[in-house]
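Here, each number is a calculation from the coordinates, and none is a lab measurement. Bear in mind the structure is a predicted one, so any value in this text is a computation, not a measurement. Here Cβ is always computed from backbone atoms with ideal geometry, including for glycine, and neighbour counts include all displayed protein chains.
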Amino acid sequence: MAFERFKRKGARPRTASLDQGLAQLHERVNNQIEHRRNRASRVYVRPTDSVPRNVYYAADMDSGAEAGEVVWVTVPSRPPKERSMLVVGRDHTDVLGLLISPEQEHAHDDRWFEIGPGDWEASGSPCWVRLDKTLVVPEADVHRRGTTVPQRRFERVANTLRERFQWS
C-alpha cells in the first residue's frame, strides 16, 4: 500500500536516487583518476651531462620502472601529448629517460641515436632517442606497458652516454 501511494505521487523510488548518486560518484572518481593519468605532475628536462650516473640494463618488469624499459608520460603541452621514453636511470622516486621519436629527420642529427623499430612505436618505423636532454619524471606519473628495449640496443645507448656525457 505504501508503495502504491508512492507511485501515485509520481516520485521515483529511493533506490533510483541511490543508483543515480552512486553513478555520479563513480563518474567523479573516474574523472579524477583520468585527469591524474592525463598529465604528469612535473616533467623536468635536464641536460644529460648534468645528471651523470651509473647506467646499466636492469629491465625486469616486476617492480618499479628500471633502465631498459620503455614507459609513456603525458607531457605538458597544448594539447597534452603522450610520449614514450627509454628509462636510463632513477633518482629516488623519479625516473630518468630519453625521449623516443619516430621522426625520420633525426637520422642525420647527432643529438639523436637510432634504436630501431619496436613495440614503443605502433607504426613499426625505426625510432631514435634524444641523447642531450634527459626527462626527469615522478615514477607515479609514468605508464608502463611491458615494453623493453633489447639489451644489446640498450648497451649501445649506454655506451654512447658514457662516451659523450661522462656517465659511468
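First check a/c for the range 63-168, with a ≥ b ≥ c the square roots of the eigenvalues of its C-alpha gyration tensor; if it is under 1.5, answer rounded, and if not, answer prolate when a/b is larger than b/c or oblate otherwise. Rounded, because the longest to shortest axis ratio a/c is under 1.5. Computed from the Cβ-Cβ distance with R0 of 30 Å, the FRET efficiency linking residue 25 to residue 81 stands at 0.50. Label 7 Å along Cα→Cβ of residue 63; the range 72-98 residues with amide nitrogen under 19 Å? Only 87-97 pass the distance filter.
Spacing of the modelled spin labels on residue 156 and residue 42, each 7 Å from Cα toward Cβ, amounts to 3.5 nm.
Segment residue 54..residue 163, full-extension length gain: 38.0 nm, with 0.36 nm per residue of separation and the alpha-carbon distance subtracted.
Take the Cα of residue 108, step 7 Å toward its Cβ, do the same at residue 17, and the gap between the two points is 7.2 nm.
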